[in-house]
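Student: Here's a structure for you.
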Amino acid sequence: MKRTTTGYADRRWTAHARSAVGWALGFLTLALALDTAAGTLDAARAGLWAGLAALVLAVLLPRVTADEGTLSVRGLLRTRTVRTDALVAVGRHQGPGAQLLLYDAFGRHVEVDPRTLIADPLLWHLLETGAHRSRELGVLRHGCEVLAHLGDRVDGPRARAVFRVSGMR
């Protein structure tokens, strides 16, 4: 995780950015090729396809940053921020792109891809530290089991690796 002016950013963001650019360019290439094959490609349609490819890029390129007590997700049109030390509920949005939903006491919420937290232990640590503080204050009342399950997914493989290397079973 690298230090930014607003805290820590997802250290795998560069790889995610390359992937998002690849998908957007793939979409643009396919759209232009199909339009060319149909004989309907002109400047206006090429501009339309380029705009849609830019939209695909923007949708696939969220940016997660965290600082002590906050977690921010920059999305398509705006950045959403929650106070992790004032969380009131945590949930999971089920579906093809399962998301972790975080709600704070100030009425704000963010959606975070759990894979981002699993892949970046420091980002997870900042969220977990804030959530722990919320539990201590008695503010976090719903979703502790969701965080515990995610914590097992983040910490479990690392703990097993430490035990294996140290000879403990």
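Student: Give me the percent of the accessible area of the chain that comes from carbon and sulfur atoms, probe 1.4 Å, all protein chains in place.
Tutor: Values: 6180 of 10150 Å².
Of all accessible area on the chain, carbon and sulfur atoms account for 61 percent.
Student: How far is it, in nm, from the label point at F106 to the one at V165 when both lie 7 Å from their Cα along the line to the Cβ?
Tutor: My value for the distance between the label points is 3.9 nm.
Student: State the answer as a single residue: which of G91, W124, V112 lies farthest towards the positive end of the charge dipole of the stretch 82-141, with beta carbon charges of +1 for Lys and Arg and -1 for Asp and Glu, about the Cα centre.
Tutor: G91
Student: About the Cα centre of the stretch 31-89, what is the dipole size in debye to 20, counting +1 per Lys and Arg Cβ and -1 per Asp and Glu Cβ, all else neutral?
Tutor: On the way: 6 positive and 5 negative charges, 24 e Å.
Here the size comes out at about 120 debye.
Student: Another question, if that's okay. Ordered by packing density, taken as the mean number of other Cβ atoms within 10 Å over each peptide's residues, highest first, how do 34-46, 105-117 rank?
Tutor: Highest mean packing first, the order is 105-117, 34-46.
Student: If you roll a 1.4 Å probe over the heavy atoms of the protein chains, what accessible area per residue do you get for the stretch 36-169, in Å²? Intermediate values should be presented prior to the final figure.
Tutor: Details: 7840 Å² over 134 residues.
Averaged over the residues of the stretch 36-169, the accessible area is 58 Å².
Student: If each DSSP helix of 4+ residues adds -39,500 (n - 2.57) and the sum is divided by the residues in the chain, what number results at 222 nm, nearest 500 deg cm²/dmol? Walk me through the numbers on the way to the answer.
Tutor: On the way: 5 runs with 90 residues, N = 169.
It lands at -18000 deg cm²/dmol.
Student: If each residue of separation counts as 0.36 nm, what is the full-extension length gain between A33 and C144 once their alpha-carbon separation is subtracted? Can you show the working numbers first?
Tutor: Details: separation 111, 0.36 × 111 = 39.96 nm, distance 4.93 nm.
Here the segment from A33 to C144 would lengthen by 35.0 nm.
Student: Rounded, prolate or oblate, given the Cα gyration tensor of the stretch 64-120, with a/c below 1.5 counting as rounded?
Tutor: On the way: a/c = 1.42, a/b = 1.28, b/c = 1.11.
Since a/c stays below 1.5, the shape of the stretch 64-120 is classed as rounded.
Student: Using the alpha carbons of the chain, what is the convex hull volume per residue in cubic angstrom, as a whole number? If you can, show how the numbers build up before the last one.
Tutor: Values: hull volume 26.9 nm³, N = 169.
So the per-residue Cα hull volume is 159 Å³.
Student: Under 8 Å for C-alpha pairs, at least 6 residues apart: give me the relative contact order for the chain, rounded to a whole percent. Display every interim value, and only then the final one.
Tutor: On the way: 242 pairs, mean separation 32.6, N = 169.
With pairs under 8 Å counted, the relative contact order is 19 percent.
The values are calculated or read from the model by the stated rules, or taken from the named source; none is laboratory data. Here the structure is a predicted model, which is why all the values come from computation and not from measurement. Counting neighbours? That spans all protein chains shown, and the Cβs are built from the backbone with ideal geometry, glycine included. These area figures cover heavy atoms from the full protein model, side chains too; ligands, DNA and RNA do not enter into them. Shrake-Rupley method; radii C 1.70, N 1.55, O 1.52, S 1.80 Å.
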